[in-house]
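The values are calculated or read from the model by the stated rules, or taken from the named source; none is laboratory data. Bear in mind the structure is a predicted one, so any value in this text is a computation, not a measurement. Cβ coordinates were reconstructed from backbone atoms using ideal geometry, including for glycine residues, and neighbour counts include every protein chain displayed.
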Amino acid sequence: MAMELDVFVGNTTIMDEEVYQLWLDGYTVSDAVKVRMEGGVMEECEASADVLLSDTMDQYRTFQMCERLLYSPAKLANQLLFQIPPHRQAILIERYYAFDDAFVREVLGKKLSKGTKKDLDDISAKTNVTLKSCRRQFDNFKRVFKVVEELKGPLVENIRQHFLLSDKLARDYAAIVFFANNRFETGKRKLQYLTFQDFAFCAGQLINNWTVGAVDNMVEDMDVDLDKEFLQELKELKILITDKDLLDQHKSLVCTALRGKTKAFNEMEANFKNLSRGLVNIAAKLTNTKDVRDFFIDLVEKTPSCVGQIHGRHQKLYLQNVSRLKRISSPAYFFPCLSPPPPPADAVISAPPVRTFSVFDLSAVIISSLSASLLESSVCKSDL
Amino acid sequence: MPGKLKAKIVAGRHLPVMDRASDLTDAFVEVKFGNTTFKTDVCPKSLNPQWNSEWFKFEVDDEDLQDEPLQVTVLDHDTYSANDAIGKVYIDIDPLLCNEAASVISGWFPIYDTIHGIRGEINVLVKVELFNDLNRFRQSSCGVKFFCTTSIPRCYRAAMVHGFVEELVVNEDPEYQWIDRIRTPRASNEARQRLISLMSGELQRKIGLKVLEMGGNAVVGYLQCFDLEGESGLVVRAIGTACTLDKLSSGSAPNTATHTHPNTAPASNACNSPSKDGKEPVFGEDLLSSSGPPTPFRALPTSSSSPPPLSPSKPCSRQSSSSDTDLSLTPKTGMGSGGSAGKEAGPLKTLLRQQTQTALEQREFPFFTLTSFPPGFLVHVGGVVSARSVKLLDRIHNPDEPETRDAWWEEIRQEIKSHAKALGCHAVVGYSESTSICEEVCILSASGTAAILNPRYMREGCLDIGIVDHRFEDPSPPSCGFCHIPYDELNMPFPTQLTYCYHCRRQKVPDVLFTTIDLPPEAAVTGKGCLIQARLCRLKKKAQGEVNATAISNLLPFMEYELHTQLMNKLKLRSMNALFGLRIQISIGENMLLGLASATGVYLTALPAPGGIQIAGKTPGDLSNEHHILTIQKRINDTIAKNKEIYQINPPELTEEVVGSPIPEPRQRSRLFRSHSESSDEVSELDLSHGKKDAFVLEIDDTDAVEDIHSLLTDATIPTGFNSCNTEIMPGIYNWTSAVQMFTSVRVFRLSNANLTNQGLNKIFTDLCENLLKSFYFKLRSMIPCCLCHLNFTVAVPEEELIQVAVTAVAMTYDKDQTQEKPAEKPITKGCIETEEQLQFPMELCADSSSTNTQLSSKISGSLTHFFFFLSALSSLERSSPVPDGRSRSLRSTRGFGGSSVTVVKMTPLSFLPGTRIIKYLGIINMFFIRETTSLREEGGVSGFLHSFIAEVFAMVRAHVAALGGNAVVSYSMKECVFMENPNKNQAQCLINVSGDAVICVRETDQEPVPSNIGQTCTSETDGAT
């Protein structure tokens, strides 16, 4: 029966999670009804297609009305229009801000501008994510970006508080914001094998170690911009290649730290010089914005041989391993800000709170954070 | 006498952007009461302004306090042009005028604009200082409490029920004033909202005055309605039941579960309660003039405005029944005297009757808007009485005065009263009135249930007398007494088959019983109940004026008859024998009439089992036809069998010997003292061959009849796990859990085919209703097992081709495992001797205390109160156990999302919330909203428009309740939902009127409310409901 008008409003807003997902995924009402029918809801409660259609329309309307509130999730908790139990509000928000890895991979590092938005239909076609869903995700990125842009304090925390997201999702958004801000190039074919989570991990490391916020946590944009001073200092790393003594010292420190921690240890030890040179060369150029953008490409393009040598034999060195490596090795040459739970050995080196970069620190930072992607890349390549 | 109203504007939030350039707003607030206006400072460039204004003080008459709402208008300051209105909040300050209700209004209110809907929120603080009123000639009635609830509100006790109050006020509808041509839609809507707010304030005040005059202090079952008559005006009318209520101290407050003993337990303190001091006896002769509602127009000629007498009203004939006052065999009289019961009327009976009559007949209309009553109040029920009358609005001579309408209603009420008399009853309970208007034709309808009431609630100091009275009281046990016929068996008002009550075996009962009231909690019921609806469409020629009115009034009796037949058939098909909460609505459109009757079907143990339905063909010779009939018959029988299973109707196989005429004395004697199990042995020796069981025959004589039977059978079955009813109590379910989901659903169907037949229309209308129910079941599937309670359907024909159905109901979950057990008492009469029944004890006690019963009977008066105390304590113990899940849930949800500052407000059309106890009534909520749009498509079409409007109305009700300090609305109802659209112009308009009682409730286990806790207490509302 085709209704002229058909509404159902509950005092407590009724939302079906399945329909919500369909709506988020950009299904039209009729497609959603089809999906639900195939899902077997009808048999479950003796409903007819009419009933299903009417229910789906109701829910879609509700979501559309809620969408406005989801733009600033804090409003959802103290608005009066919909009475939604708190745990359900959390689900609504979390789902609304969830994104497809395939989609985010396409826009990662791109400027979140109108121009990019125009290309969304191409991305939609490429990723098989509906255009509607692409737009929502893109707008979410942009909204988060705009809000945190002007805020002081730690990036992840800001995102979590303003958008009431889970820690995991807040970290992902931090990565997206970080990449968009620094415009890292991630779209080149050579980087295609890297997943969003790979980049997100790198972003986490970079935010923690390379940004202004790593030393001072009350500046604007502290977690978004790379620390210029630090990048400048990276130039001094060259001494690690040029000075034989330092090279050996560096090698021995790194090897001590990594010994027994990775199966790729032997290869790394053997190729340490090449590896180190590649990395230091990249690091030294990072004062140039263009080179910052190409950072990840350079890592893959300009150090492949050595990394490849390290992991010549399908050696799987997973991200977790890398981070563990780093954490374990850090007491030897890092300062407290490097890894979240301050290493107990702090006292031993009695690192001053102000950042004083030693060459060892720098190389270790580079190696550990870069190898995240590099090691992974080599693995993938050899898999190919 | 003056009072001082104080208001403070604290802050705003989420305001809309009014200045496109800066994306900000320069907001300020105007606070207006009566003709006085104050303004706050402008809070520049903020969407979350902090005004923190001073206290604005209004010194006003309490008369104005009752009539006027406080108007808060939020505006955007504009230096060069006129200030733009953002929106308004109307705050009804009535709850503050009663010292027992709320003391302060404080909270966030949605800022509402009739064009844009809700636009942000504003935090307002309101207080009232009222000076004591010593003026005898006052026009105000501050302090009279109003309740929408149609039973004695929990946490109160009825010291006295005074009776019917009514009032009606008329005004010109702003939409039809000349000025409407030049003003904006917004201005016109606001004028209308304000006017209705004023009128309902005035109406309440006037009713309050009547109540004070009668010596009461409260109105229960307050029902207020609007008639948008169009050109002839805007009518606001209300009816209610005046009572004197005593507040129960929280310790003795009865539990909220299915039933209470409010009148028995605290019996002793009632008489001494201070509230009654200084009140005059209401029923003394000297009060004759004031006791009835003064209807000023009694004397005026009614002919002046009404069209020729077109009132095809009639009592809904057959469905009445009940026990008798005249004929009952009381133990004392009946036993000794043999012979026919019919003529017997013991002297005590007569006395009782006289008392009752004098009490009730002094008032003009012995009507009660209550639908459920304190135990013992309702003695017998006669059946449904209803009256309808068709009037022409353009014939009103003096449209701005209420006289004509008063006279109309007077006429109808008189008719109802005479119908009740014809049924041998002196009162009408479950009384309600309604109208349906189309152009200049208006149908006025009234209906209720004829009944005989216990007179002791209508006298001063009722309870001390009450104990003495017990001896005069009718000896019918409470579980079946109300079914016994009140009328004279030899002089029946309509043909019906009487049998002896299947429960007590002493008095006559009819074969079916139709009522408009709720099922009395103490009634003995077999199995579960279910919603039964009869739906009907009748085409009518378009016509004007008198011709139209005549056509309509000619159609009405047929519609009533057909609806009645449908109800009866469906009742039989479900193997049930009684209807409760019957509501018949007839709506007029330009070219059709719609009839919808809803009720809850029940199998009353006291009434005989319904016979099956037999199909008979007109032409016996035709073989194929014969075969056809057989298949239908088989289907019907199957359906009945299936329904018996679904509703768990398996009454004990009873003997039929008592059907029909009075039984020889000796046999009856023996029955009286025999339990049911014993009586089954008797079957063999009794005559079973009266053959009346299958008396219901449907004749198939034409295609219409076949269609009817088909539609009868195609009524969709309820999916497993669901139950539905339109009453407060669902028979057969007693263990509610705490999840509650109130909802409103509206559907409008456009008839596409211009040449529809009655049959086709019926089909469409039936499908519309059935599909609505189906979609409820689907949407609420996560709440299974659950029951849709108080399903209230409203039909309308907003335009020629449109049928509109609006439903408000509540879904409540229950614990499946124990559905069969009625917690406190089971309907038993086994072997009980009269005295227990007389005392209205829950019967379970009989078993252990049977030895003491005989003693008790001899000295009832002494031990009575004591015993009742004991009983109520007992039942409250049992009640409090099934609560636990609410607590754990709320803990979890508060932890999860601490930031929420919004109080959760539960809403329900019922008078209680399962698992909770109402500890305070904060006042009546009665709100009227208009919403209009000129950008219908942009707002998501008609559905999007109405969806957001209903959500907004809910939000505003919740906000007002929260501001009063409450956390729930009980007895919520949507009285009016008038929707008009003009898709071509991209326009739509909708008017909604809602009402209910704002309350504070706490979980049943909690002793005292912890204010800060209230918000969280209810967060568990519908964990399950999505």
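In the set (1) crowded, with 22+ Cβ neighbours inside 10 Å; (2) of a type in the set (A, V, I, L, M, F, W, C); (3) in contact (Cβ under 8 Å) with a residue 60 or more places away in the chain; (4) closer than 21 Å to residue B:233 by Cβ, residue B:444 fails one condition alone, (3). A count restricted to region B:25-73 and to residues that are among the β-branched types (Val, Ile, Thr) and part of a loop (DSSP other than H, G, I, E, B) stands at 3. Residue A:3 falls short on exactly one of the conditions (1) assigned to a helix (DSSP H, G or I); (2) within 9 Å of another protein chain (Cβ to nearest Cβ); (3) surrounded by fewer than 23 Cβ atoms within 10 Å (Cβ to Cβ), and that condition is (1). Taken across region B:553-566, residues that are in the same structural domain as residue B:731 (by the TED database), more than 22 Å from residue B:756 (Cα to Cα) and buried (at least 23 other Cβ atoms within 10 Å of the Cβ) do not occur at all.
Go through region B:179-220 and report how many residues are assigned to a strand (DSSP E or B) and surrounded by fewer than 20 Cβ atoms within 10 Å (Cβ to Cβ).
Step one: list which residues in region B:179-220 are assigned to a strand (DSSP E or B), which gives B:218-220.
Keeping just the survivors that are surrounded by fewer than 20 Cβ atoms within 10 Å (Cβ to Cβ) gives none.
Residues flagged as assigned to a strand (DSSP E or B) and surrounded by fewer than 20 Cβ atoms within 10 Å (Cβ to Cβ) within region B:179-220 amount to 0.
If you go through region A:173-182 one residue at a time, do you hit one that is farther than 29 Å from residue A:67 by Cβ and outside the structural domain of residue A:73 (by the TED database)? Don't jump to the end; show me each part of the working.
In the first step, residues of region A:173-182 are kept if they are farther than 29 Å from residue A:67 by Cβ; the result is A:182.
Next cut, outside the structural domain of residue A:73 (by the TED database) only: A:182.
There is at least one residue in region A:173-182 that is farther than 29 Å from residue A:67 by Cβ and outside the structural domain of residue A:73 (by the TED database).
Looking only at residues in region A:61-75 that are of a type in the set (A, V, I, L, M) and facing chain B (nearest Cβ under 9 Å), which one is surrounded by the most Cβ atoms within 10 Å (Cβ to Cβ)? Step through it out loud before you land on a result.
From region A:61-75, those of a type in the set (A, V, I, L, M) are A:65, A:69-70, A:74; that's our starting set.
The next check asks that each one be facing chain B (nearest Cβ under 9 Å); those that pass are A:65, A:74.
On the way: A:65: 17, A:74: 14.
Ranking the qualifying residues of region A:61-75, first place goes to A:65.
Do we find that residue A:12 is in contact with a Pro (Cβ under 8 Å, 6 or more places away or on another chain), at the interface with chain B (Cβ under 8 Å from one of its Cβ atoms) and in contact (Cβ under 8 Å) with a residue 12 or more places away in the chain in this structure? Answer is yes for this residue.
Against the list (1) over 16 Å from residue B:804 (Cα atoms); (2) more than 8 Å from chain A (Cβ to nearest Cβ); (3) in a loop (DSSP other than H, G, I, E, B); (4) out of contact with any His (no Cβ under 8 Å at 6 or more places or on another chain), the condition residue B:752 fails is (1).
Over 20 Å from residue B:223 (Cβ atoms), outside the structural domain of residue B:586 (by the TED database) and at pLDDT 55 or above: which single residue out of B:361, B:344, B:401 fits that description? Don't jump to the end; show me each part of the working.
On the way: B:344 fails: at pLDDT 55 or above; B:401 fails: outside the structural domain of residue B:586 (by the TED database).
Checking each option against the conditions leaves just B:361.
Against the conditions (1) farther than 20 Å from residue B:482 by Cβ; (2) more than 23 Å from the chain's Cα centre (by Cα), residue B:564 satisfies every one except (2).
How many of the residues making up region A:20-60 are on the phi > 0 side of the Ramachandran plot, within 14 Å of chain B (Cβ to nearest Cβ) and surrounded by 15 or more Cβ atoms within 10 Å (Cβ to Cβ)? Can you show your working first?
The initial filter retains those residues of region A:20-60 that are on the phi > 0 side of the Ramachandran plot, namely A:26, A:40, A:46.
Then drop every residue that is not within 14 Å of chain B (Cβ to nearest Cβ), which leaves A:40, A:46.
If we keep only those that are surrounded by 15 or more Cβ atoms within 10 Å (Cβ to Cβ) as well, we get A:46.
Total meeting the criteria: 1.
Restricting attention to region B:933-960, the residues that are more than 15 Å from residue B:982 (Cα to Cα) and more than 7 Å from every other protein chain (Cβ to nearest Cβ) total 5.
Being more than 22 Å from the chain's Cα centre (by Cα) and either more than 10 Å from chain A (Cβ to nearest Cβ) or touching a residue at least 40 places away in the same chain (Cβ under 8 Å) (or both) narrows it down to one of B:783, B:812, so name that one. Please lay out each step first, then the result.
Working: B:812 fails: more than 22 Å from the chain's Cα centre (by Cα).
Unique residue meeting the criteria: B:783.
Results for (1) under 18 Å from residue B:445 (Cα atoms); (2) part of a strand (DSSP E or B), shown as yes or no for each residue.
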{"position": "B:546", "(1), (2)": "no, no"}
{"position": "B:562", "(1), (2)": "yes, no"}
{"position": "B:581", "(1), (2)": "yes, yes"}
{"position": "B:594", "(1), (2)": "yes, yes"}
{"position": "B:597", "(1), (2)": "yes, yes"}
{"position": "B:603", "(1), (2)": "no, yes"}
{"position": "B:616", "(1), (2)": "no, yes"}
{"position": "B:626", "(1), (2)": "no, no"}
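Condition check for residue B:571 on (1) hydrophobic (A, V, I, L, M, F, W, C); (2) assigned to a strand (DSSP E or B); (3) surrounded by 23 or more Cβ atoms within 10 Å (Cβ to Cβ): one failure, at (2). Restricting attention to region B:930-949, which residues are assigned to a helix (DSSP H, G or I) and among the small types (Gly, Ala, Ser)? Of everything in region B:930-949, those that are assigned to a helix (DSSP H, G or I) and among the small types (Gly, Ala, Ser) turn out to be B:941, B:943, B:944, B:948.
Identification of helices (runs of 4 or more DSSP H) wholly contained in region A:12-129 with 3 or more residues that are over 30 Å from residue A:200 (Cα atoms) yields A:29-39, A:41-45, A:49-70. Scanning region A:76-86 for residues that are facing chain B (nearest Cβ under 7 Å) and under 29 Å from residue B:785 (Cβ atoms) turns up A:82, A:83, A:85, A:86.
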